[in-house]
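First the structure, in the form of C-alpha cells, and then the observations on it.
The values are calculated or read from the model by the stated rules, or taken from the named source; none is laboratory data. Remember, predicted model here, so these are calculated numbers, not experimental data. Cβ: placed from backbone, ideal geometry, glycine included. Neighbour counts: every protein chain shown. Each accessible area value is taken on the protein alone, full model and side chains, heavy atoms only, with ligands, DNA and RNA left out. Shrake-Rupley method; radii C 1.70, N 1.55, O 1.52, S 1.80 Å.
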Amino acid sequence: MEKFKAVRGMKDLYGEELRKWKEIEKVCMETAELFGYEEIRTPIVEFSELFERSVGESTDIVEKEMYNFVDKKGRKLALRPEGTASIVRAYLERNLYQERKIARFYYYGPMFRYDRPQKGRYRQFYQFGIEILGGSHPFFDGESVYLLFQILKNLNIKNICFEINSIGCSECKRRFSSLLREYLEKYKNQLCSDCQRRMEKNILRVFDCKQERCREIIKESPKILDTLCDGCKNHFEKFKQYLEFSSIPYKINPHLVRGLDYYTKTVYEVFAEDEKNAIGGGGRYDELVEQLGGPKIPAVGFALGMERVSEIYRISERKKSSIYGIFLGEEAKKEGMKICEKLRKEGFVIKIDYEDRSLKNYLKIADREGEEWCIIMGEDEIKNNKVILKDMKSSQQYTLSYQNIVEEVKRIIKC
Ligand code: HAM
C-alpha cells in the first residue's frame, strides 16, 4: 500500500525544528506576559459569517482562501483563517469588556488559508498574536509595535524593520476610495478581472493584487496618507513619535493597506534578516467590536507568523545533557529505574532502552543516536552496589557508588 502523505501545505513538526518552535513560543509568551497580557484560547472552528463580517467578504482570505464546510446540522462553519475575529467574538460573548477597561490578550495556534503553498506560505500555519481592546490612544498602537520589537529582539533576530502606514477612519477610507476610483477609471481596461470587480465592491482591495500590471498601476496611485482627516493625521504623528522615542526602526510605506477589511488608522508589517515576506503584521481596528454587535470599543493588535520566524531564528545550544540508560537483565532494569528517578528529579534527561540486547549492541545504538552519556548496570554492578557512567565522546568510564550517585553524576557531567 502507498504511504499516506500530509495534506498539501501542511507539515509535521518534530525533532530540532519543533525544539526551535518551542523556544520561540516561550519567548513570545513570556515577553507578552511581562507587558501584562493574558493568554486566551479560542476554538479553531467558528461560524463562517464571523470572518465574512470582520475580515471582509471581498478579501482574498474570505473569498478564496477560507476552509468552509457544512456540519451535520447544516451550519456553515470555517477553520479560522486568523485570530482577531475569534478574540473579539469571545470578548463580546463572555462580556470581558465589562471586567476590564483595557483588555490585553495573547494567543497562539494554527490558522488555515487555502493559498498556493510556497516558501513561507502554508495552508496550515501558526500565529502568535496579541490584541489590546479598549484603548484609543496612539501609544497603544505604539505598545503593540514595541512588544513585537521586543519579542524579535529577545529572539536575537537582526535587521528588524517596520513598515507603517495609516488608512484612516471610515470617513477617510470613503474619501480616499472615491479618489482612487477616479484614478483607476483611467486604467480600468488594463486591470485584471479581479481588480475590475474590486473597484465596484471594495476598492481598497486592489492593493492586495499580485498581478504585475495591476501592481504597476497601483504604485502610481494617490496616497491615503495625503488625504487623512486632522484626527487621523494627529493619531499617526503620535504613533510615529512613540516609535521614535522607543528607537524602533521603521519606514513609511504609503501603499500598505493590509489584506483584511477591519483595519482603521494604523497598519504595519515587520520584516527581518533576509526573509522576503512580512514575518508579522497588525494594526488598529476601531470599528470591529461594534460591527460584531458590541459597543464602540477601539482596539489594536498584531500577529506573528511562526513558520517565517522559525526560518530566521537560530536555535540555542542544547543545555541539558541526556543520558541513555543501559540495564542488563531484569534485576538491573528495576534497580536502574530507581536510579533514573533520582537523577530525573535533579533535571537530568534519561531514556531507558528496555529491550534485551547485548552491551555491545546497546552502545552501538547509543553512539549512532548521538547520546552523550550512558549509565550502565549489569549483574556485577548490582552485586557491588556500583553504576558505570560512560562518556560517549571520550569513551572514558567512571565507576560510581549507589549512595552518592546524584552528586557524582552532577560532578562529572557538570550541570
Ligand atoms: P496577517 O497579515 O494576515 O494578519 O497575518 C499575520 C502573519 O501571519 C503574517 O505576517 C505572516 O507572517 C503569517 N501568515 C499569514 N498567512 C500565512 C501563510 N499562508 N503561511 C505562513 N504564514 C502566514 C492577521 O492575521 C491579523 N489577524 C493580525 C492582527 C492581529 N491584526 C490585528 N490584530
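Confirm whether Y268 is among the hydroxyl-bearing types (S, T, Y), under 23 Å from F128 (Cβ atoms) and either in contact with a strand residue (DSSP E or B) (Cβ under 7 Å, 6 or more places away or on another chain) or not assigned by TED's automatic domain parsing to the domain that holds G134 (or both).
Yes: the conditions hold for Y268.
Every residue in region 138-168 that is under 18 Å from N234 (Cα atoms), open to solvent by 10 Å² or more (accessible area, probe 1.4 Å) and out of contact with any Lys or Arg (no Cβ under 6 Å at 6 or more places or on another chain), please.
Listed by number, the residues that qualify are F139, F140, E143.
When only residues in region 236-263 that are over 20 Å from E131 (Cβ atoms) and of a type in the set (F, W, Y) count, which is least open to solvent (accessible area, probe 1.4 Å)?
Only one residue tops the list, namely F236.
Name, by its number, the condition in (1) free of Cβ contacts under 8 Å to residues at least 60 places away in the same chain; (2) under 19 Å from E82 (Cβ atoms); (3) among the polar types (S, T, N, Q) that does not hold for S322.
Checking S322 against (1) free of Cβ contacts under 8 Å to residues at least 60 places away in the same chain; (2) under 19 Å from E82 (Cβ atoms); (3) among the polar types (S, T, N, Q), the one that fails is (2).
Taking R344 and the conditions (1) outside the structural domain of D141 (by TED's automatic domain parsing); (2) closer than 30 Å to R123 by Cα, which numbered condition does it fall short on, given that it satisfies the others?
Only one criterion is unmet by R344, namely (2).
So which of E82, E39 ends up being among the acidic types (D, E), assigned by TED's automatic domain parsing to the domain that holds I130 and open to solvent by 20 Å² or more (accessible area, probe 1.4 Å)? Explain how you work it out, then say what you get.
Working: E82 fails: open to solvent by 20 Å² or more (accessible area, probe 1.4 Å).
Criteria check complete, one pass: E39.
Among the candidates E52, E25, single out the residue that is within 21 Å of G294 (Cα to Cα), open to solvent by 10 Å² or more (accessible area, probe 1.4 Å) and out of contact with any Asp or Glu (no Cβ under 9 Å at 6 or more places or on another chain).
E52
What are the residues in region 241-287 that are assigned to a strand (DSSP E or B) and either touching a helix residue (DSSP H, G or I) at 6+ places or on another chain (Cβ under 8 Å) or not hydrophobic (A, V, I, L, M, F, W, C) (or both), if any?
Passing the criteria: Y250, K251, I252, T266, Y268, E269, V270, G280, G281, G282, G283, R284.
Matching residues to (1) more than 28 Å from A278 (Cα to Cα); (2) open to solvent by less than 90 Å² (accessible area, probe 1.4 Å); (3) assigned to a loop (DSSP other than H, G, I, E, B); (4) touching a residue at least 60 places away in the same chain (Cβ under 8 Å):
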{"residue": "K72", "(1), (2), (3), (4)": "yes, no, yes, no"}
{"residue": "A78", "(1), (2), (3), (4)": "no, yes, no, no"}
{"residue": "A90", "(1), (2), (3), (4)": "no, yes, no, no"}
{"residue": "Q98", "(1), (2), (3), (4)": "yes, no, no, no"}
{"residue": "K101", "(1), (2), (3), (4)": "yes, no, yes, no"}
{"residue": "Y106", "(1), (2), (3), (4)": "no, yes, no, yes"}
{"residue": "G109", "(1), (2), (3), (4)": "no, yes, no, yes"}
{"residue": "R116", "(1), (2), (3), (4)": "no, no, yes, no"}
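Kindly check whether there is at least one residue in region 21-37 that is hydrophobic (A, V, I, L, M, F, W, C) and over 21 Å from L155 (Cβ atoms).
no
Scan region 85-121 for residues that are within 14 Å of the ligand (Cβ to nearest atom) and at positive phi and report the count.
Result for region 85-121: 2.
Please pick out the residue among Q211, Q196, Q124 that is open to solvent by 10 Å² or more (accessible area, probe 1.4 Å), more than 16 Å from the ligand (Cβ to nearest atom) and out of contact with any Cys (no Cβ under 7 Å at 6 or more places or on another chain).
The match here is Q196.
Can you find a residue in region 279-289 that is among the aromatic types (F, W, Y), more than 9 Å from the ligand (Cβ to nearest atom) and touching a residue at least 40 places away in the same chain (Cβ under 8 Å)?
No, every residue in region 279-289 fails to be among the aromatic types (F, W, Y), more than 9 Å from the ligand (Cβ to nearest atom) and touching a residue at least 40 places away in the same chain (Cβ under 8 Å).
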